[in-house]
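These notes are about the structure you will find just below.
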Amino acid sequence: AQKSTRNSGWKVYHPAMTDKVNHEVHLRARLKQALQRQEFELHYQPLVRLLDDKVIGAEALIRWRDSETGALVSPLDFISELEYSGLIVPVGEWVLRTACRQVMAWRKTLPNFHIAVNVSARQFIEHDFVDSVAHILREEKVAPGAIEIELTESMLFDEELTNSKLAQLKHIGVRLALDDFGTGFSSLGRLASMPFDVIKIDRQFVGKMNAGERERLVIVSIIALGHGLGMTVLSEGIELAVQRQALVDLGCERGQGFLFSRPIPAETFYANYVDCERPLLADGGVVADAQ
Ligand code: C2E
Ligand code: MG
Ligand code: MG
Ligand code: MG
């Protein structure tokens, strides 16, 4: 067996490599089985309107209920293997279809609710990616604006291809969010020509924003840039009430983070935020009679 060279141009051989390769081969086989056995689940994290802490949507985040160990496995431990093996394509279709059904079900109670779905570069570069999205949205009778697709800067390197795919996605009624903003190879010039509805400020910047004036200025500038381009700005990784307040003061419209809620199973999300439409308290509780 040979170590993949996806991380560097070098192939290095040493005994431990065999273990690593065995692990990857084994993991791939189990992930394939996981898809057949329907062991993937989506958890949902609230997307909050910061002005009044109202839950306006959710981000769908995949987990794997590993039947061999019973553990709930984090995407950080298997997404790259799904991407490398190409399995992310059928898994991504399952994610989108599941999110479509979920959003239409929750929209019966909350008509403007939306669900954000993450898409990998490996999916986005497929020649029939847009067709596949359109097909699923049509089959599930999804209302325009109900699904938001999250892309990252680093997957948008091919300018012509990207801009035409983004335009097509907008055309079929999908909203677009630029995830983890500030961490990829951003070309600020390009941002102006791309039809994103939302910029998501990466949580590394939010985490540092109260460390000093320079750190705060990074956030101020991203918000000004997003607003200047007519986009909505969402801050990821809000963990502290002071961060939330600072972001409100800076005019950031939306937020997401452990301060409000961790990602939770669909049933819990429904019980907490859909069935009773009430704003969140900053400690994650629910306000009884808030406006
Ligand atoms: P992401 O899209 O940037 O998702 C946000 C991640 O930040 C989630 O991790 C979430 O649990 C975490 N997070 C949210 N609020 C906080 C906070 O206040 N503090 C901290 N420390 N973390 C917070 P998760 O669920 O482990 O997902 C990790 C990444 O895996 C995602 O990052 C996304 O890139 C990828 N991913 C997850 N689900 C999917 C999927 O269905 N498809 C694809 N292609 N990628 C996915
Ligand atoms: Mg995301
Ligand atoms: Mg993100
Ligand atoms: Mg992030």
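The values are calculated or read from the model by the stated rules, or taken from the named source; none is laboratory data. None of the values given here were measured: they were computed from a predicted structure. Cβ sites come from the backbone with ideal geometry, for glycine too, and all protein chains shown count toward neighbours. Each accessible area value is taken on the protein alone, full model and side chains, heavy atoms only, with ligands, DNA and RNA left out. Shrake-Rupley method; radii C 1.70, N 1.55, O 1.52, S 1.80 Å.
Structure notes:
- Taken over the Cα atoms of the chain, the convex hull encloses 159 Å³ per residue.
- Counted residue by residue at 0.36 nm each, then reduced by the alpha carbon distance between them, the extension gain from A121 to K32 reaches 30.1 nm.
- Radius of gyration and Dmax over the Cα atoms of the range 59-129, both given in Å: 13.9, 40
- From helices alone, the chain scores -11500 deg cm²/dmol at 222 nm; the rule is -39500 (n - 2.57) for each run of n ≥ 4 DSSP H residues, then divide by the residue total.
- Once C-alpha pairs closer than 8 Å and six or more residues apart are averaged by separation and normalised to the residue number of the range 65-173, the relative contact order reads 27 percent.
- Mean projected area in nm² (Cα convex hull; one quarter of hull surface) for the range 113-154: 3.2
- Per-residue 3J(HN,Hα) values for the range 240-246, derived from phi via the Karplus relation 6.51 cos²θ - 1.76 cosθ + 1.60 with θ = phi - 60°, read 10, 4, 5, 5, 4, 5, 4 Hz in sequence order (x marks Gly and Pro).
- Between 0 and 90°, nearest 10: helix 159-171 axis offset from the chain longest Cα axis: 60
- Solvent exposure of the range 219-266, expressed per residue, is 39 Å² of accessible area, with all protein chains present and a 1.4 angstrom probe.
- Sequence-distant residues sharing a close amide H with E150 (under 5 Å, placed H): V117, N118, V119, A177
- Taking every DSSP beta bridge that has both ends in the chain, the antiparallel portion is near 45%.
- With a Förster radius of 45 Å applied to the C-beta separation of V21 and S221, the computed FRET efficiency comes to 0.50.
- Antiparallel content of DSSP bridges confined to the range 19-142, in %, to 5: 75
- Relative contact order, whole percent, for the chain stands at 17, derived from Cα pairs under 8 Å and 6 or more residues apart.
- All-pairs alpha carbon distance profile, the range 95-135, 5 Å steps from 0, percent: 5, 21, 24, 21, 14, 9, 5, 0
- Eigen-decomposition of the gyration tensor built on the alpha-carbon atoms of the range 96-190 gives equivalent ellipsoid semi-axes of 25, 15, 11 angstrom, largest listed first.
- Helix 129-139 and the longest principal axis of the C-alpha atoms of the chain enclose an angle of approximately 60°.
- Stokes-Einstein translational diffusion, the range 29-92 - Kirkwood Rh over all Cα pairs, 1.002 mPa s, 20 °C, in µm²/s: 164
- Calculated P(r) tail over 20 Å for the range 146-223, as whole % of Cα pairs: 35
- Helix 88-106 axis versus longest C-alpha principal axis of the chain: approximately 30°, rounded to the nearest ten.
- Relative contact order (%) - criterion: Cα under 8 Å, at least six apart; region: the range 109-267: 16
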